[in-house]
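Here the structure is laid out as C-alpha cells; the discussion comes afterwards.
Each value in this text was obtained by applying a stated rule to the coordinates, not by laboratory testing. It should be emphasised that the depicted structure is a prediction, and the values quoted were computed from it without experimental measurement. Virtual Cβ from ideal backbone geometry, glycine too; neighbours counted across all protein chains shown.
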Amino acid sequence: MFARLSPPERPVSFFFEGREIVAEEGSMLAASLLAAGVTTFRQTAVSGAPRGPYCMMGVCFECLVTVDGRSNQQACMVRVAPGMRVERQSGAAAP
C-alpha cells in the first residue's frame, strides 16, 4: 500500500489513538498516517462507513480527524508536530 521510501531524516513522534508514530518533521499528517498503515481516518455519521484521504489537497474533507482536542481538522492540510495527539472522528463533529 503506502510506505516510506527512506527513514525520516528529521524524525518526530506523534500519537494516533495512543499509538506512537514516527514521521518526518514538517510532513503532512495524512501522508504520515498512510505511511504508518492507517487507512481509516473517520467514520460517516449515518452509516459508520470508513473514510480516508481521497484528494490529498483539502477539497474533499474525507480525512477529518481530531488533533489535540480540535475536531474537523483536515489531515492532508495539517503538518506533523512533535507530541501531537490525533484521534479518529465519527462524522463531522460540532465546531
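Go through region 1-23 and give me each residue that's out of contact with any helix residue (DSSP H, G or I) (no Cβ under 7 Å at 6 or more places or on another chain) and either aliphatic (A, V, I, L, M) or in contact (Cβ under 8 Å) with a residue 60 or more places away in the chain (or both). Listed by number, the residues that qualify are M1, L5, V12, S13, F14, F15, E17, V22. Taking the criterion of being over 18 Å from S71 (Cβ atoms) and exposed (fewer than 13 other Cβ atoms within 10 Å of the Cβ), the residues of region 3-38 that qualify are A3, L5, S6, P7, E9, R10, P11, S13, R19, E20, G26, G37. Note on region 14-62: among residues that are among the charged types (D, E, K, R) and touching an Asp or Glu at 6+ places or on another chain (Cβ under 8 Å), the one that is nearest to R85 (Cα to Cα) is E17.
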